[in-house]
Amino acid sequence: MSTPSKNRLRIVFMGTPDFAVASLKSILEAGFEVVGVVTAPDRPAGRGRKVQTSPVKQFAEEHHIKVLQPTNLKDESFLDELRGLHANLQVVVAFRMLPKVVWQMPEYGTFNLHASLLPQYRGAAPINWAIINGETKTGVTTFFIDDKIDTGSVILQREENILPEDNAGSLHDRLMELGAELVVETCKQIASGTVDDLPQKEISNLKPAHKIHKETCQIDWNVPLEDIHNLIRGLSPYPAAWTHLINQGKEDPIKIYGTHMEFGEHHLESGKLLADKKTLKVAVRGGYLQILELQLPGKRKMKVSEVLNGLNLDENAHLR
């Protein structure tokens, strides 16, 4: 493989959400040429079903970069357009699985940024699952794409601590910035011909990061205190953990966004609610989970002190 220079790299960037915008912005700021962007098609969203463009498309248009929005990555007209950009490197951040005809196209290959320390947490939701599983360390990885999901040879990795106060949102933002730095460093190595990519390690206890579904987000109040706390912070602020509030003969779904653990012994049934004017706690195995922020049906997300101003709980109120 010949060695390009920074000025000779012609990059096609593929991505969709805000997480990807940070990397695209950093690539441009580092002086690399981006000849095109591939992102998701515009889609209607929200209650008004107003057509929305992806954050990556918005950024690309602001910087006068050509945008491609294929619905089918194997479509010949898209492939012809992609070839016409004459890219020699493709960079993928938070996009979808690419067919071989796409990732094999450029001379210097296609690399992906993944928000975990591969091979752990391969899949769609690595940030959420690292917190849900109670990890204290994660990171970001760049790797060359192959024909499986998140299995290609590793180029670079950077570690990041998961703090006790982190939720998925705060960790997402730090990994977004760390990942952007790693993407630029990876481009520099490719440009200088100094890439030393290695096959991923063989590990017996691999932890997956499969897509989050509604059932994933339902809280089981019978599991230990720490497991519930980690589930809630691992799903906050999106898509959010949920449960049913049983109160005054009604059963309503609610979302919980923030909690604080109180370890201790008690003989109450798991899910039992205890409230005063300012605090709301749930009895669980190993102690109590103090709820800090939640959302009632048809309401906005609120601090518990606000919720308790207008919520009357009967003596049998509980979460299920």
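The values are calculated or read from the model by the stated rules, or taken from the named source; none is laboratory data. Keep in mind it's a predicted model, so treat the numbers as computed, not measured. Positions of Cβ are generated from backbone atoms using ideal geometry, with glycine treated the same way; all protein chains shown enter the neighbour counts. What goes into the accessible areas is simple: the full protein's heavy atoms, side chains included, and nothing from ligands, DNA or RNA. Shrake-Rupley method; radii C 1.70, N 1.55, O 1.52, S 1.80 Å.
Across the range 274-285, the number of residues qualifying as surrounded by fewer than 19 Cβ atoms within 10 Å (Cβ to Cβ) and either touching a strand residue (DSSP E or B) at 6+ places or on another chain (Cβ under 9 Å) or in a strand (DSSP E or B) (or both) comes to 4.
Which members of the range 233-248 meet the condition of being surrounded by 20 or more Cβ atoms within 10 Å (Cβ to Cβ) and part of a loop (DSSP other than H, G, I, E, B)?
Initial filter on the range 233-248 (surrounded by 20 or more Cβ atoms within 10 Å (Cβ to Cβ)): 233-236, 241, 243, 245.
Once the filter is applied, which keeps residues that are surrounded by 20 or more Cβ atoms within 10 Å (Cβ to Cβ) and part of a loop (DSSP other than H, G, I, E, B), the range 233-248 yields Leu235, Ser236.
Which is among the basic types (Lys, Arg) and within 19 Å of the chain's Cα centre (by Cα), of Lys250, Lys201, Lys211? Spell out the reasoning first.
Details: Lys250 fails: within 19 Å of the chain's Cα centre (by Cα); Lys201 fails: within 19 Å of the chain's Cα centre (by Cα).
Criteria check complete, one pass: Lys211.
The residue of the range 290-301 that is surrounded by the fewest Cβ atoms within 10 Å (Cβ to Cβ), among those that are within 20 Å of Asp314 (Cβ to Cβ) and touching a residue at least 40 places away in the same chain (Cβ under 8 Å), is Pro297. So, of the residues in the range 249-263 that are more than 19 Å from Pro164 (Cα to Cα), surrounded by fewer than 14 Cβ atoms within 10 Å (Cβ to Cβ) and not charged (D, E, K, R), which turns out to be modelled with the lowest pLDDT? So the residue we want is Gly249. Of all residues in the range 140-156 being within 17 Å of the chain's Cα centre (by Cα) and at negative phi, which is surrounded by the most Cβ atoms within 10 Å (Cβ to Cβ)? For the range 140-156, the residue satisfying everything is Thr142. Among the residues of the range 126-139, the ones that are surrounded by 22 or more Cβ atoms within 10 Å (Cβ to Cβ) and either small (Gly, Ala, Ser) or on the phi > 0 side of the Ramachandran plot (or both) come to 2 in all.
Can you name every residue in the range 207-225 that is assigned to a loop (DSSP other than H, G, I, E, B), out of contact with any helix residue (DSSP H, G or I) (no Cβ under 9 Å at 6 or more places or on another chain) and more than 30 Å from Thr151 (Cβ to Cβ)?
Here is the first cut: in the range 207-225, the residues assigned to a loop (DSSP other than H, G, I, E, B) are 207-214, 219-223.
Pick out the ones that are also out of contact with any helix residue (DSSP H, G or I) (no Cβ under 9 Å at 6 or more places or on another chain) and you get 211, 213-214, 222.
Within the range 207-225, just Asn222 meets the criteria.
Scanning the range 60-108 for residues that are open to solvent by 20 Å² or more (accessible area, probe 1.4 Å), in a helix (DSSP H, G or I) and either among the hydrophobic types (A, V, I, L, M, F, W, C) or over 26 Å from Thr141 (Cα atoms) (or both) gives Glu61, Glu62, Glu76, Ser77, Asp80, Glu81, Arg83, Gly84, Val101, Trp103.
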